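Please read the structure below before turning to the comments.
The values are calculated or read from the model by the stated rules, or taken from the named source; none is laboratory data. The shown structure was predicted, so the numbers you read here are calculated from the model rather than taken from an experiment. As a convention, Cβ positions derive from the backbone with ideal geometry for all residues, glycine included, and neighbour counts pool all protein chains shown.
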Amino acid sequence: MAKKVGAYICTGCGIGDALDIEALSKVATKEKKLQICKSHPFLCGPEGVELIKQDLQEGVDGVVIAACSQRVNTDVFSFGPSVVVERVNLREQCIWCHPGNDEDTQMLAEDQLRIGIVKAQQMEPPEPYKVEDLSRTVLVVGGGLAGITAALEAAKAGYPVVLVEKNASLGGWVTRLYKQVSQRPPYNELEDVDIADRIKEVQENANIKVYTSAEIEKIAGGPGIFDVTIKQNGNLINERIGAVVLATGAVPYDATRLGHLGFGRYANVITGDMLEEMAARGKIVRPSDGKEVQSVAFILCAGSRDPEHLPYCSSVCCVESLKQALYVKQQNPEATVYIFFKDLRAPGLYEFLYKRVQTEGVVFFRGDIGSIEEGSNNTLVVQADDVLAGDKIVAEGIDLVVLATGMVPTTAFGEALVPTAEGEEKQEEGPPPDVILKSDLLNLEYRQGPELPTLKYGFPDSHFICFPYETRRTGIYAAGSVRAPMDLPSTVRDAAGAALKAIQCIELTAIGSAVHPRVWDFSFPEFSLQRCTQCKRCTVECPFGAINEDEKTYPLPNPTRCRRCGTCMGACPERLISFKNYSVGMIGSMVKTIEVPEEDEEKPRIVVFACENDAYPALDMVGINRLQLSPWIRIIPLRCLGSMNLIWVADALSKGIDGILLLGCKHGEDYQCHFVKGSELANYRLGKIAETLNRLALESDRVRMEQVSIMDYDRIPKLIEDFAKRLEEIGPNPYKGF
Amino acid sequence: MGNKSVLVIGGGISGLTAAVEASEAGCEVYLVEKRPYLGGRVTQLNQYFPKLCPPNCGLEINFRRIKQNPRIRYFTLAEVAEISGQEGNFDVKVTLYPRYVTEQCTACNKCVEVCPAERPNDFNYGMDKTKAIYLPHIFAFPARYVIDKQACLGTSCNKCLEVCPVNAIDLGMEPKTVTFNVGSIVWATGWDPYDVTKLTYYGAGQYQNVITNVMMERLAAPNGPTGGKVVRPSDGKPVEKVAFVQCAGSRDENHLPYCSGVCCLASLKQATYILEQNPDAKVYIFFIDIRALGRYEDFYTRVKGKENLFLVKGKVGQITEDPATKSLTLVAEDQETQRLLTETFDMVILATGMMPTTKTQPPANVTCDENGFVIGSVPGVYSAGCINKPMDVATSVQDATAAAIKAIQSTVGR
């Protein structure tokens, strides 16, 4: 705990003109008994900073900066890991959105200073969690193009690699390709697949240990200290691993389910995959009689963009079919080639390939396939609705129909994990559990399930546009077509990126830092289990599966898997989980230090718990745009609303505070919470407390949650005003003055 | 022991990502950005597809990663002047253009209150004005003001100098050169929207209500020129009927012969901006192919199902303006009905493609194809983002993360 806290009030940027600084200082010195409280007209200037630094030399180890928002001057007001710094926002969220020289604004500033001082007094500088026997080895699961690339990239960056491949040889799906599309100008040529060179490079790299015909039996531990058991030819081998890249790829959609397109019914209906193998062997022929083909029809979106089969687009089939159309044309320029498509998706520079295929006389039809039937002599008849010509088109005498089937990630197979174990009580209502399929790829010894949670359609993709490598299992990164449908160049880039995330995770774990999105954070949750009731809320609610259970079903935290969001802290009904600089008690004290005026003063009080990443900056923007906010609010930022513990509602209401407003991120399918479920969990917890409040004759309307984004600054003032109005209708908190 | 540091050129989403990712893996990083703030073009977007979430949310995290990370040094209003040396040992000269506002600036806004001069706001594609001294936008990082010297009245005015409480204004500031040594370099200078005034048959630049997709982002943004109201530039009236023209200059040998891969999705997204504000508005999208790859198909399906959205397969031939109403008449062949379609709209949005900045400014030590896309580079020099090929935000981040490990490899064992 910070022993000696000093408060520093900046009077610049209009703060000194709008507030009574002397009265404010008295809050620090008289009420909070701080020995040091200084003010300066330009605290972020060299002289102001020097003022603070001198006091640090005199033994101050906790600094309260009452000035601008914590979003600015972060580096200026940073004094090393042993000094606790707390920012009190007197500018953006005080004088810029409230009238100057006003009693209520002054009360707001004083309360925010109280809150900041209490926080600084209770915070301790975090001590990083460092593991012993940290491994810098990257495990790559899957030896296809993505896996090979990830292994090579990590090894070239100086990290040992363990590469595990299920098959007897490396290379995976691409080894079956005849040609690939050149990525160099003029971008419309076909070239050999360069996988053999890459395989050789892997085999010759002393930093890469390859296990073929091998699978992952089990992964225990966490980043830096994963204990991995590999099963090879019946033997079990143990490896200590730092981070994992999952690169198990995708498989073609099961064509036997495409009977309506003739597959399985007619010998001359094949898949694109089968065509590749045929082309690689030599001649493209009719399977029925081995005769060289004279006419070929490609059916795009065979089972793709189809709610009955794969609702998504597999991204590559259009281009693959264009390439295969060239195979046919190169074998026999006189051959007739039809391509039936919905939208021809040749993005980016593939346009040049598309142009070439058009000039080579391939005939394109846009429309849905009506039927594929057999005609005479095993030829096929394709009937389609030609959208462009506006009527039915019938292509007869076709030797070969090629179905462009989509990709199914290897993570999409296996039984779905049922989140509650046998004998356990049925789970209460809450956010929907993660979708985890027992695909037998990683076999994680995690309480929350053995594989990566999937996002949609079985892909363990990131939910975040800005952070495509974000997975919900720390230190495990999906790459290549297992993550999302992608072409070969994208797979190579994706695998390199995943290798970077893996080595980055190792380096951050080595210094005891969190990984994304709180990379700067060295704090971690500590569990005091004496009063633990084994309710399992923390293990269930952790969005990252960081907490296991020991044999007595007590929570068993894995700090290197932890993202430091505090969801466990918010979940714990016994309040046993704390960070050195963030705890239930600390926030409770901050709430309790707010001065609550007597009922007859008619000054209600509202505590606003605001998500630090989105709602808090949005509140800053209210000030930057000089909009006005209700004078009754007192803002307390939270790491994530997932860390909101219900006891704070009780703390606030018992203190006589009239309302509690939670500002969190959007939840639901397009959730914006960077800790996945934080705001949703907060909402769910509030639902639970509503009943209790009503029972205590305390209106549940006193507690409200709103979903806001960082851009909602123009909406926030009214949203707070509406809440204040509702509180006015309810009347003052009956606990006021108790 | 050689150099463990990396230079990243371009502070947009690709460069920002490459810098942050490399530094969090242990590298020293120099990040050089031409604009007065970091974030590049994504700062000008209202929302990302398919989640319709605000870019400032992810940028906030990325800026926080920089604020807390002493291993990244960033330079705004900066351009690389010279690079020499080779992998593991590049000497770099960077020109820092004057901001005329020093690091003392607290962003208190007093200067803006007194500044008498105005300039067209490039952040909003000239659709409104700022004072000559300005904060580029409310989320600008660094949060520091800048003076447009061309608009500034100079020392004869001096009003900002007089009012600045911390003496942060220096009208005599000169360009400076800084030099440093790095082990590797990542080029990530991004893209420019294709110059639509070259599409004379669409009347862009001539007709006020023909705008581009990038302008549409600003019109819909809460911090844009209209406070987020999608209105006609000619008279400020809300739009009732709009048309999106896909492939405006794209997939066209006379302009951009390639597909930019994002415009279809951007237009679908922008259709939601309009329908969200006015569900009765009629929105037409004229397209060749709707390219919604991967899971974006879900987004396409969702938007396609909206009432009052009409997808028309057909290339738009010509747009003409009624000089009195400033409304626009558009002629296109509807390929499904094979009829010539003539419709009048309040506003037309041209879905213009991406042109890599490397088309007009070929970078050092990098080879480009005729369209400006990077096809090769010398050892130790890498490229990321839309200078490699057209790509969306998530792919740019992925590409930049890949570039970061390549950059790190060039610093290993030296």
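Couple of notes before you dig in:
- Selected residue (criterion: surrounded by the fewest Cβ atoms within 10 Å (Cβ to Cβ)) from residues of the range B:315-324 that are assigned to a loop (DSSP other than H, G, I, E, B) and modelled with pLDDT of 95 or more: B:ALA324
- B:ILE66 falls short of the stated requirement of being at the interface with chain A (Cβ under 9 Å from one of its Cβ atoms) and touching a Leu at 6+ places or on another chain (Cβ under 9 Å).
- Here A:ALA690, A:ALA724, A:ALA652 are screened, and the one residue that is surrounded by 23 or more Cβ atoms within 10 Å (Cβ to Cβ) and not in a loop (DSSP other than H, G, I, E, B) is A:ALA652.
- Test result for B:LEU96, under 24 Å from the mean Cα position of the chain (by Cα) and surrounded by 19 or more Cβ atoms within 10 Å (Cβ to Cβ): no
- Evaluating B:GLY294 against the criteria (1) over 29 Å from A:ASP391 (Cβ atoms); (2) assigned to a helix (DSSP H, G or I); (3) within 11 Å of chain A (Cβ to nearest Cβ); (4) free of Cβ contacts under 8 Å to residues at least 60 places away in the same chain leaves one unmet condition, (2).
- Filtered by the rule that a residue be under 26 Å from A:GLU680 (Cα atoms) and away from chain B (no Cβ under 14 Å), the range A:593-628 gives A:ARG605, A:ILE606, A:VAL607, A:VAL608, A:PHE609.
- Of the strands (runs of 3 or more DSSP E) lying entirely inside the range B:51-117, those carrying at least 3 residues that are in contact (Cβ under 8 Å) with a residue 60 or more places away in the chain are B:78-86, B:89-96.
- Some residue of the range B:403-412 being aliphatic (A, V, I, L, M), surrounded by fewer than 16 Cβ atoms within 10 Å (Cβ to Cβ) and facing another protein chain (nearest Cβ under 10 Å): yes
- Single residue of the range B:385-394 satisfying the filter (within 7 Å of chain A (Cβ to nearest Cβ) and either of a type in the set (Val, Ile, Thr) or in contact with a helix residue (DSSP H, G or I) (Cβ under 7 Å, 6 or more places away or on another chain) (or both)) that is nearest to B:ALA22 (Cα to Cα): B:VAL393
- Residue count, the range A:124-173 (criterion: at positive phi and either free of Cβ contacts under 8 Å to residues at least 12 places away in the same chain or within 14 Å of chain B (Cβ to nearest Cβ) (or both)): 1
- Of the listed requirements (1) under 33 Å from the mean Cα position of the chain (by Cα); (2) part of a strand (DSSP E or B), A:THR74 misses just one: (2).
- The range A:1-20, subset more than 14 Å from chain B (Cβ to nearest Cβ) and surrounded by 20 or more Cβ atoms within 10 Å (Cβ to Cβ), residue nearest to A:MET586 (Cα to Cα): A:ALA2
- Within the range B:386-398, residues that are within 17 Å of A:ALA346 (Cβ to Cβ) reach partners that are among the aliphatic types (A, V, I, L, M) and in a helix (DSSP H, G or I) with beta carbons closer than 6 Å, at six or more positions or on different chains, in the pairs B:LYS389/A:LEU349.
- Enumeration of residues in the range A:319-373 that are more than 35 Å from the chain's Cα centre (by Cα), within 14 Å of chain B (Cβ to nearest Cβ) and in a loop (DSSP other than H, G, I, E, B): A:GLY367, A:ASP368
- On the stretch given as the range A:431-460, residues that are part of a loop (DSSP other than H, G, I, E, B) and more than 14 Å from every other protein chain (Cβ to nearest Cβ) total 20.
- Among the residues making up the range B:139-167, those that are over 30 Å from A:SER709 (Cα atoms), assigned to a loop (DSSP other than H, G, I, E, B) and not charged (D, E, K, R) are B:GLN150, B:ALA151, B:CYS152, B:LEU153, B:CYS157, B:ASN158, B:CYS164, B:PRO165, B:VAL166, B:ASN167.
- A:ALA502 farther than 21 Å from A:GLY585 by Cβ, more than 9 Å from every other protein chain (Cβ to nearest Cβ) and of a type in the set (Gly, Ala, Ser): yes
- Filtered residues of the range B:331-389 (kept if of a type in the set (Asp, Glu), surrounded by fewer than 16 Cβ atoms within 10 Å (Cβ to Cβ) and either in the same structural domain as B:ALA81 (by TED's automatic domain parsing) or within 26 Å of A:LYS156 (Cα to Cα) (or both)): B:GLU370
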